[in-house]
1. Can you tell me which residue within the range 625-650, out of those that are in a loop (DSSP other than H, G, I, E, B), open to solvent by less than 20 Å² (accessible area, probe 1.4 Å) and touching a Phe, Trp or Tyr at 6+ places or on another chain (Cβ under 7 Å), is farthest from Asp449 (Cα to Cα)?
2. Give the residue, chosen from Asp534, Asp543, that is in a loop (DSSP other than H, G, I, E, B) and among the charged types (D, E, K, R).
3. For Thr360, indicate whether it is open to solvent by less than 10 Å² (accessible area, probe 1.4 Å), among the hydroxyl-bearing types (Ser, Thr, Tyr) and closer than 30 Å to Ala225 by Cα.
4. Would it be correct to say that Ser383 is open to solvent by 10 Å² or more (accessible area, probe 1.4 Å) and farther than 30 Å from Leu603 by Cα?
5. Of all residues in the range 434-459, count the ones that are within 23 Å of Ala130 (Cβ to Cβ) and not charged (D, E, K, R).
6. Identify, please: which residue in the range 71-86 is over 23 Å from Ala458 (Cβ atoms) and in contact (Cβ under 8 Å) with a residue 12 or more places away in the chain and is, among those, most open to solvent (accessible area, probe 1.4 Å)?
7. Could you check the range 651-671 and list, in sequence order, the residues that are part of a loop (DSSP other than H, G, I, E, B), surrounded by 18 or more Cβ atoms within 10 Å (Cβ to Cβ) and either β-branched (Val, Ile, Thr) or free of Cβ contacts under 8 Å to residues at least 60 places away in the same chain (or both)?
8. Here are Glu575, Glu602, Glu583: which of them is part of a loop (DSSP other than H, G, I, E, B), closer than 25 Å to Thr347 by Cβ and not aliphatic (A, V, I, L, M)?
Amino acid sequence: MKQFNAAAAVTEPVAVREVDTLCPYCGVGCALAYGVDEHDHILYARGRNGAANAERLCVKGRYGFDYTQHPQRLTKPLIRRDDSYPKGPLSGFSRPDSSGPRKPGGIVDYDEVLPHFREASWQEALDLLARRLGEVRDGHGADTIAGFGSAKGSNEEAYLFQKLMRAVIGTNNVDHCTRLCHASSVYALIEGIGSGAVTNVVRDVAKADVALVTGCNPTANHPVAATFMKQAAANGTKLLVANVRRPGIADYAHQYVQFQPGSDVAFYNAVMHVLIDEGLYDREFVAERTEGFEALRQTVERYTPEMAAEHTGVPAGEIVRFARTFGEARSAMLFWGMGISQHVFGTNNARCLIALALLTGNVGRPGTGLHPLRGQNNVQGASDAGLIPMYYPSYQSVADPAVKAKFEAQWGVELSDRPGLTTAEIGHAALEGRIRALYCMGENPFLSDPDVNRVREALTCLDFLAVQDIFLTETAEFADVVLPASSFMEKLGTYTNTDRRVQIGRPVRALPGDARQDWEILGEIATRLGHEWDYPDPAAVFDEMVAVTPLYANLSHATLGAYGKFTPCKDPDSEGEQVLFAETFPIGRGRFVPAELAPAPELPDKGYPLVLNTGRVLEHWHTGVMTRRSRALDTLSPDPFVEVHPDDAAHFGVTDGELARVTSRRGEVRLPVRVTTDVAVGTVFIPMHYREAAANALTDPSLDPYAKIPGFKMCAVRVAPDAPSG
């Protein structure tokens, strides 16, 4: 298939139509318009005046659209050939001990993988999928089946996927990538205030005296949101930036502190110690709107700035200065990212930030609030829609008999009251034979989950794996059947951004080949398993979702308009609520939940003396399935790298630009070195996007005991020069 050449096309006039839709990448939810020619080729992206972006776009939004036109798009259902069993990795990249520079591009080599599959009709592929899932359910029980939905899909697709798993298959084993990003934040927020969503919108930072930006790198991960933070700083908002690795936003900070990995609890407890000791907390708010203050006070009393300095590496005077700046603010917002949440103590980290906001009364007013910056474009919506194992839509517990009865009446089936397994637990259960079949829609756990070697073994253990995606991913190499799905550019549906704003994404181009809409595929599977789903369009699916999702009351495709509305939207004629909890919290009083500093399960030692931190770069997204097939983005950032501090580079004998080996107790990768002071002494950083040097070949699969999120941000490694071959 010949790839479209946009540069050549503009030499002669073309008829262009513009389609108003959204950006398919991060949780900011930028409104944009794509220019499309008569051949369905996307020519450009232009920012619209959306509530989240005010016509601004980042490099991904402006140039990262051509993946949808890539010649590797799946256009026919695929079934694994009989001679390609027993199952295992099909490409060199996915086999054990495979790392290092390869041919440019770093995407799945179809010449290696496709010969192991044959094309099939939709009828054959869907019949096979339904038959195998039915056999596993009937032979071993519904709870031996699990499903991974996608935060890249729409709310309608998320709702139908969890309904399929619960009402048709009969299990609550359904999850998505929120488990790998902000599960700990959501757990702590529901525990502390009764809601897992943000309490205020990003752009309200303009009204804040102070904004705390911690455990995140918004200039790379939420670039448009970062522009509003920088603009606020220029107009007088004091940015307090705290992180292990220096983010770009630190250049605009009133104060930047770089603390040691895993010391967040010590740092924020010490900040609260100072606030209480110096009377810089909101006594009236604490008395009238919170509970548990005395337990918090007793806990943080021991975390003096001097004690915290020993654990964090931040001088006591800097901790005091930080606390005073925050405590003296009339209004303060708190933004955080996965540097807070992706730890085995991520829930405790988030508890500290919630306590800090409650202690200072910084909830429920303009320029205040708790805002965990959501990663994927629809991770908020997918969670709202029930794509999580312990909650139905709108965070209604599967273990609550009244809730269960309500959904049984709505869906007309008996439902399970057993909370399901989370993403990481599903992998562990597959290794133990407790999960036998997995339906994976728009997720790539082979690269996104920790400890690639363990994930490889888990996927190999499955009796049956179905993958529904737009490309052959690394995960699809283990599949029995692969279904060609719709990309964002071909969907009609709603998406909920980090601000809780629900917006409509509209199709820009036709589906390629025989690919189908995801919501229609789910309906076909339900029908084959004995359930007649009769939805005429995504709007009807959304209406059913709204009927069982109180958070989305008063919303419909017809009322969302060109730019959407915030949730909750108590008045159907309003834009919804930007600032939440002005008078009370969903649980009444906000709860202080004290947290204690705890060691990571894996600390540096003589054999593995450095701490690995993982994350994203500006130009790429997650496992690179989309962005590494975007010509501009992959050209800008084509290769993996490891960041090493100059002192560590000298000590371990690695050189800027040269190859090094990074080794953990689970695996090893080979990749070029970048020597930089952005990382602290004793730490290294590897981005997660590059399969040829997969960061998750190294990471620790240990889980947070509350939210079951893996500790992606901290494991012990060693770095050494790459030994010459031969």
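The values are calculated or read from the model by the stated rules, or taken from the named source; none is laboratory data. Because the structure is predicted, anything quoted here is derived from the model rather than measured. We place every Cβ from the backbone using ideal geometry, glycine too, and count neighbours over all the protein chains shown. These area figures cover heavy atoms from the full protein model, side chains too; ligands, DNA and RNA do not enter into them. Shrake-Rupley method; radii C 1.70, N 1.55, O 1.52, S 1.80 Å.
1. Filtering the range 625-650 for residues that are in a loop (DSSP other than H, G, I, E, B), open to solvent by less than 20 Å² (accessible area, probe 1.4 Å) and touching a Phe, Trp or Tyr at 6+ places or on another chain (Cβ under 7 Å), the one farthest from Asp449 (Cα to Cα) comes out as Ser630.
2. None of the others qualify; the one that does is Asp534.
3. no
4. no
5. Total meeting the criteria: 9.
6. Lys76
7. Listed by number, the residues that qualify are Val654, Ser664.
8. Sole residue among the options that is part of a loop (DSSP other than H, G, I, E, B), closer than 25 Å to Thr347 by Cβ and not aliphatic (A, V, I, L, M): Glu602.
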